1. Residue by residue through the stretch 56-82, note down the ones that are touching a residue at least 40 places away in the same chain (Cβ under 8 Å), outside any loop (DSSP other than H, G, I, E, B) and of a type outside the set (Gly, Ala, Ser).
2. Within the set of pairs 6 or more residues apart or between chains, which connect a residue that is closer than 22 Å to residue 78 by Cβ and at pLDDT below 90 inside the stretch 1-27 to a residue that is assigned to a helix (DSSP H, G or I) and not charged (D, E, K, R) with Cβ atoms less than 9 Å apart?
3. Which condition breaks for residue 45 when tested against (1) touching a residue at least 40 places away in the same chain (Cβ under 8 Å); (2) out of contact with any His (no Cβ under 8 Å at 6 or more places or on another chain)?
4. Count, please, the residues in the stretch 35-55 that happen to be touching a Leu at 6+ places or on another chain (Cβ under 9 Å) and in a strand (DSSP E or B).
5. Starting from residues that are among the aliphatic types (A, V, I, L, M) and within 30 Å of residue 6 (Cβ to Cβ), keep the ones in the stretch 57-82 and report whichever is farthest from the chain's Cα centre (by Cα).
6. For the subset of the stretch 40-69 comprising residues that are aromatic (Phe, Trp, Tyr) and crowded, with 16+ Cβ neighbours inside 10 Å, which member is nearest to residue 82 (Cα to Cα)?
Amino acid sequence: MNDTLSKPDLPDRLSCNPRSPNYVEEIFEHDIGIRLNGKERFDVEEYCISEGWVKIPSPKALDRRGQPLLITLKGTVEAYYS
């Protein structure tokens, strides 16, 4: 019963894409929030706290597999459980 209350530590780098080596399934069992330069972002696909960047999907551009291209935004990144 205590397992539901304990949350794993958030990693330095995390991706929402299951094909990525930075994907951790246990983290996504809980709600995660991301702040970039003090503003909360809801469209983050991947982040790195130590390097200070987040990747968000492009609104229109697609890669050759039909997935949205990712745009890198730099700044101060904070990850937290909601």
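1. Within the stretch 56-82, 77, 78, 80, 81 qualify.
2. 7/27; 8/27
3. Result: residue 45 fails condition (1) only.
4. Count: 8.
5. Across the stretch 57-82, the extreme among qualifying residues is 77.
6. Once the filter is applied, the top-ranked residue is 47.
The values are calculated or read from the model by the stated rules, or taken from the named source; none is laboratory data. From a predicted model like this one, the values you see are computed outputs, not experimental measurements. Heads up, the Cβs are rebuilt from the backbone with ideal geometry, glycines too, and the neighbour counts pull from every protein chain shown.
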